[in-house]
Structure formats: C-alpha cells, structure tokens
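The values are calculated or read from the model by the stated rules, or taken from the named source; none is laboratory data. Just so it is clear, the structure is predicted and the values come from calculations on it, not from any experiment. All Cβ positions, even for glycine, are placed from backbone atoms using ideal geometry, and neighbour counts span all protein chains on display.
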Amino acid sequence: MLGNAMLDVSIGLVFVFLILSLICTTINECISSVLKLRARTLRTALNDLLEDQAMIDAFQKTPLVRTINRVAGPVGPSYLPAPIFAASVLDAAASLTDKNGAASFTEIRATLDKLPECDLKHILVSHAHEAKEDVTALKAHIGAWFDHMMDRAAGRFKRNMGAISLVCALAISIALNADSITIAKSLWTDGSLRSQIADAAETFVSEAEYVEDLVEFSEVENVLRPLPLGWKFGDPEFVTDWHKSPGGWFLKIIGLLTTGLAVSLGAPFWFDILNKFMKLRSSGPKPSAKTAAVA
C-alpha cells in the first residue's frame, strides 16, 4: 500500500508538471513568434558568417534572398535552405568583383581570390580546392558547411529559449502558487484526491501516443481544480499556515522553485516520465514467492 501511495503521489506531481509545461510551451511559442526570435537568430548567424558589411549587403541583394525576404517580411525568414545560401553567397561574391555572374569554376575561383581578406574568403577558397573544379560539388561543400554552422545557431536559439522557458516556468509557478511541497503533501494525506488525480492522469495519456496528442487544457482544468493551486488570501489557512513562519516561507520558496525548475524541463520530458509511471501502476505489485508457488 505504501508503495502504491508513493507511486500515485509521484504520478500526481508529474501530471501537474506536464500540464504546467504545456502552458509554458504555449507561452514560449507566443513569445518566440511575437519577437521573431528564429528569424533574428538566423539573421545574426548570417551576419557572423558573411562578416564584411559589403558582403552582407551584396548577399541580401541577390535575387533568391531578396525574394525570400520579400515573402518573409521585414525581419526576414526563420529558415534558409543550404542550396540557396550556397548559390547566393557565390552571386554576392561575383557582384563584389564587378561580375554579373560567374558560371564556370575558373570564373568562380577567380572571383573568390579577389574577395577582401577575411575568414569567409579562406573558407570559400578551401571549399573550392576540395571541389576539384566541380561547381556542383563546390555548392554542395558550401551548403554542408552552412548546415553545420546553422546547427550551432540552433543551439544558440535553444539556449535562449531555455532561459526564456525558465523565467516563464517560474512566473507560472508563482502566479498559480504551484508549490510542489504543498501539492505532494495534499496528495499524500488525501487518498481519494491521490487516486482521483492518478486515474485522471492515466485517462488523459492512455490514448496519447505523443505529447502533442494531449487534450486541451480546458478539459484538464476540472481535474486539477481539487489540487491546492492558486493564491487564496482570504482563507484563514493562508495566515496561520506558512505566512507567519520563517520556515514556512523557506518551504514555500523551495516548493515554487522546484516546480519552476521542473516545468522548465518541458512537456515531452514529463510525458515520457508519466508514461513510465503508468506502466508501473498498471503492472501492479509482483506476486510473492508463496503465491507463485501455489499458482
């Protein structure tokens, strides 16, 4: 019984973390969309790759990039295919050397040699050497290098979103008074609440193959309503419980921080954990050796 109670408490906590993580993810996506963070990250990465302002301006004026920018809007696109980058950077290099376009490999190599001294020039010349006078191979090499650098830019974007997610998760935890310690205590002392939340969690994830398949939060809200969430300043318990105790303040801060850190891990993480807990719950306790022998 004790093991089952501990498992149900864990399921209840993970379920709360999962729901709050879904809220946090929605807010993060809104922030990223409003601020155009992906497009800004790509633009910063392109500027870092192209280095020279003249090269940056020439790149932005190439037909392919200009068309993409016109469709994407003022901030620019959030994604640029490697073949378009490779073709555009060579066109930009040609425009800087007073050429209308370099079609043959010899013309391209001569164009690259005339570029101002910078890291980009040496990288492009190195790729030209590896391409062995094959224009298609050269563009493929440049595209592969671009994809590699974009992986680094994606890592930068994830780190930035991770910081935003942490701040958002802490804000949600404080706004909803989602105190992990208080929630765990309520689940542990109230058997009916513990079973209700655990059964609800099993129902909500039983038909969800992926975290994106979970139901809308409006349906989950009724399930979470019995939990001690939200600030109830009018309740006598608010005054007599933790509010006037230094130890209570300490536990409250720890509980809110724990929830915030947990929620910042993301919904997919908690969805996987919840599925594992559900498998343990559905399997039930192992039969004893005596029972197995009788069977």
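Does L90 qualify as being modelled with pLDDT of 90 or more and within 29 Å of the chain's Cα centre (by Cα)?
Criteria not met by L90.
Collect the residues in the stretch 9-18 that are over 12 Å from S186 (Cβ atoms), buried (at least 22 other Cβ atoms within 10 Å of the Cβ) and more than 22 Å from the chain's Cα centre (by Cα), keeping them in residue-number order.
Answer for the stretch 9-18, where residues must be over 12 Å from S186 (Cβ atoms), buried (at least 22 other Cβ atoms within 10 Å of the Cβ) and more than 22 Å from the chain's Cα centre (by Cα): just I11.
I'm told L229 meets every condition in (1) assigned to a helix (DSSP H, G or I); (2) under 13 Å from F15 (Cβ atoms); (3) at pLDDT 75 or above except one. Can you identify the failing condition by its number?
For L229, the exception is condition (1).
Out of A201, A184, A178, I need the residue that is modelled with pLDDT of 90 or more, on the phi < 0 side of the Ramachandran plot, among the hydrophobic types (A, V, I, L, M, F, W, C) and part of a helix (DSSP H, G or I). Which one?
After ruling out the rest, the residue left standing is A184.
Among (1) surrounded by fewer than 17 Cβ atoms within 10 Å (Cβ to Cβ); (2) part of a helix (DSSP H, G or I), which single condition is A39 missing?
Here A39 meets the rest and fails (1).
When E133 is evaluated against the numbered criteria (1) surrounded by 15 or more Cβ atoms within 10 Å (Cβ to Cβ); (2) in contact with a Phe, Trp or Tyr (Cβ under 6 Å, 6 or more places away or on another chain), which criterion, by number, is the only one it fails?
(1)
Do we find a residue being more than 24 Å from the chain's Cα centre (by Cα), farther than 23 Å from V167 by Cβ and modelled with pLDDT of 65 or more anywhere in the stretch 262-278?
The answer is yes; a qualifying residue exists.
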